[in-house]
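All remarks here apply to the structure that follows.
The values are calculated or read from the model by the stated rules, or taken from the named source; none is laboratory data. Quick caveat, the model's predicted, so the values are computed rather than measured. No Cβ is skipped: glycine too gets one built from the backbone with ideal geometry, and neighbour counts run over all protein chains shown. Accessible surface areas use protein heavy atoms only, side chains included; no ligands, DNA or RNA. Shrake-Rupley method; radii C 1.70, N 1.55, O 1.52, S 1.80 Å.
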Amino acid sequence: YQSKYQNHELVHEYGMSPELPAMTHLWQSPGSDECLVAIKGAPEAVLKHCNLSPNQKQVIEGQIIELASQGLRLLGVAKAQYSKKNSDWPDSLNSFEFTWLGLVGLKDPIREEVPAAIQKCQRAGIRVIMITGDHSITAREIANQAGIDSASVLSGNDIKTLDNIELRQAVKKTSVYVRIKPAEKLRLVRALQANGEVVAMTGDGVNDAPALKAAHVGIAMGQRGTDVAREAASIVLLNDDFSSLVHAIQQGRQIYDNLHKAIIYVVAVHIPMAGAVFIPILFGAQPILDPIHIVFLQMIIDPTCAIIFEMEEPESDVMLRQPRSINQKLFSIHNISMAMLQGAGLTVIVVGLYFWLLNMDYSHAMATTISFGSLVLGNISLIVVSRSKNDHLFRILQKTNPSQKWIIGIGVLSFGFLITVPFLRDRFQFTVPTPEGATMILASGLIGITWYELVKLGYRRR
């Protein structure tokens, strides 16, 4: 068969179009007017151009159902002969008398990791929709294998009959769409957006570009994607792997969580710092903190925000939550109020301890040393507690964070130098704390941790 047509040249082509999902090539042998016309495409489209009896069509339709139910992507193939008498080619395929040749089934199995990734999305409140140009039976079988709800299937022709309001209702319960053309794909994206959904659209072809551009997040395939698709998309995948999207969502949620934790910590830890300066002044006492003390505390706070929270592992429920509202703010009342309560508790501990020590006739140097020590320990304990908004202290300590031990260790060691090295002790106006003073610092730290955990528990129950 190959030797019979190996000298033929491609002389004309009828490309695919929204009206005809099939491609037709005309091959001409040298020195002859006879052309072989070959068509391949959607089986139902090719069948329309073949002169077949009702019984023959019924047999072929049965074959289509049988092969499509196996998850095969089907192409119908037919041929015709055409004698070219002049320089013009027919305007349409109706001029050709096609003979049906058969079906070609292409097996494109889903990757092993896809069902698990889709299940992970569904647990995270992310709805996965399949939009394809395949036959409805093929699409339903693949959707079942992947774990996508295929109870309701809409075709491109079905969508044409729906107005925008009807389509908005239909997309709420339908997750599989077949024989979809570019314009219908764009309508689907806009219908989902009109329902308040945040839409991420994947695609690789030129026809996907309008939908990729319209979606909130357009995702193009980097390996097999066209240049047009990559230009229209917001994100380009390097490995064309669906599980990469799921990992990116998890990573995004993790980063967002860690930003929340950092904000809560920063607000909470600065409240006692401000209180340690202003409250004593208001009551006619010397402030606990001088500029040099604040600089020391900032040397703990800044690396904490930049390193510890950045390296924090995701929460255990990060992919078990419903997606957050698109209108949710980083600086929310929930976060700020939680931080202010935690910070207010530490302020009461530090400033209250300072005034109590002065009232008990401790020297200013001793009162400052113990109060500052309680503030440092409160800061360190707040770092640990703030690593999770859900887990309690003992569970947090079981989670690894390589940077935490270094920053906390350096902070504790530095404070030890401040009270043991005479030069530093004098500059910071400290004194060596007595065993009783060291016990007060540890007790204040324990009270602080208890308060932080109680605040977290209250907000968790809310």
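Here is how the numbers come out for the structure above:
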item	result
Qualifying positions in the range 341-371 - touching a helix residue (DSSP H, G or I) at 6+ places or on another chain (Cβ under 6 Å) and either of a type outside the set (A, V, I, L, M) or outside any helix (DSSP H, G or I) (or both)	Q342, G343, G345, T347, Y354, S371
I281 being free of Cβ contacts under 8 Å to residues at least 12 places away in the same chain, under 23 Å from R460 (Cβ atoms), out of contact with any Ser or Thr (no Cβ under 7 Å at 6 or more places or on another chain) and open to solvent by 30 Å² or more (accessible area, probe 1.4 Å)	no
Hits in the range 293-309 - residues which are in contact with a Ser or Thr (Cβ under 8 Å, 6 or more places away or on another chain) and either among the hydroxyl-bearing types (S, T, Y) or open to solvent by 50 Å² or more (accessible area, probe 1.4 Å) (or both)	M299, I307
Residue match in the range 390-403 (condition: within 24 Å of G252 (Cβ to Cβ), open to solvent by 70 Å² or more (accessible area, probe 1.4 Å), in a helix (DSSP H, G or I) and modelled with pLDDT of 85 or more)	yes
Options K261, K160; residue that is within 21 Å of the chain's Cα centre (by Cα) and basic (K, R)	K261
Hits in the range 113-124 - residues which are open to solvent by less than 30 Å² (accessible area, probe 1.4 Å) and over 26 Å from I64 (Cβ atoms)	A117, I118, C121, A124
Qualifying strands (runs of 3 or more DSSP E) (wholly inside the range 9-75; at least 2 residues being surrounded by fewer than 15 Cβ atoms within 10 Å (Cβ to Cβ) and without any contact (Cβ under 8 Å) to a residue 60 or more places away in the chain)	9-14
Search result, residues across the range 440-460 that are under 13 Å from L382 (Cα atoms) and either of a type in the set (S, T, Y) or open to solvent by less than 70 Å² (accessible area, probe 1.4 Å) (or both)	S444, G445, G448, I449, T450, Y452, E453, V455, K456
Number of the exception - N239 against (1) polar (S, T, N, Q); (2) farther than 26 Å from C121 by Cβ; (3) at pLDDT below 90	(2)
Top-ranked residue in the range 313-334 [being of a type in the set (S, T, Y) and surrounded by 10 or more Cβ atoms within 10 Å (Cβ to Cβ); ranked as nearest to V385 (Cα to Cα)]	S316
Check on S337, surrounded by fewer than 16 Cβ atoms within 10 Å (Cβ to Cβ) and over 17 Å from L382 (Cα atoms)	no
Any pair with Cβ under 6 angstrom, 6 or more apart, that starts in the range 180-193 at a residue that is open to solvent by less than 50 Å² (accessible area, probe 1.4 Å) and ends at one that is among the aliphatic types (A, V, I, L, M) and at pLDDT below 90	none
The range 137-161 residues that are closer than 14 Å to D108 by Cα, paired with ones that are open to solvent by less than 10 Å² (accessible area, probe 1.4 Å) and assigned to a helix (DSSP H, G or I) (beta carbon under 6 Å, 6 or more apart)	T138/A68; A146/I118
Odd one out for A146, checked against (1) within 20 Å of the chain's Cα centre (by Cα); (2) among the hydrophobic types (A, V, I, L, M, F, W, C); (3) open to solvent by 60 Å² or more (accessible area, probe 1.4 Å)	(3)
Selected residue [of a type outside the set (K, R), part of a loop (DSSP other than H, G, I, E, B) and either modelled with pLDDT under 85 or open to solvent by 40 Å² or more (accessible area, probe 1.4 Å) (or both)] from S87, S3	S87
Residue in the range 275-289 that is in contact with a Phe, Trp or Tyr (Cβ under 7 Å, 6 or more places away or on another chain) and under 19 Å from I383 (Cβ atoms) present	no
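Residues checked against (1) over 23 Å from V46 (Cβ atoms); (2) open to solvent by less than 10 Å² (accessible area, probe 1.4 Å); (3) among the hydrophobic types (A, V, I, L, M, F, W, C); (4) in contact with a strand residue (DSSP E or B) (Cβ under 7 Å, 6 or more places away or on another chain):
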position: T132; (1), (2), (3), (4): no, no, no, yes
position: K160; (1), (2), (3), (4): no, no, no, no
position: T174; (1), (2), (3), (4): yes, yes, no, yes
position: V178; (1), (2), (3), (4): no, yes, yes, yes
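Yes/no matrix, rows are residues, columns are (1) in contact (Cβ under 8 Å) with a residue 24 or more places away in the chain; (2) open to solvent by less than 60 Å² (accessible area, probe 1.4 Å); (3) basic (K, R):
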position: D204; (1), (2), (3): yes, yes, no
position: A214; (1), (2), (3): yes, yes, no
position: V217; (1), (2), (3): no, yes, no
position: V236; (1), (2), (3): no, no, no
position: N239; (1), (2), (3): no, no, no
position: H247; (1), (2), (3): no, no, no
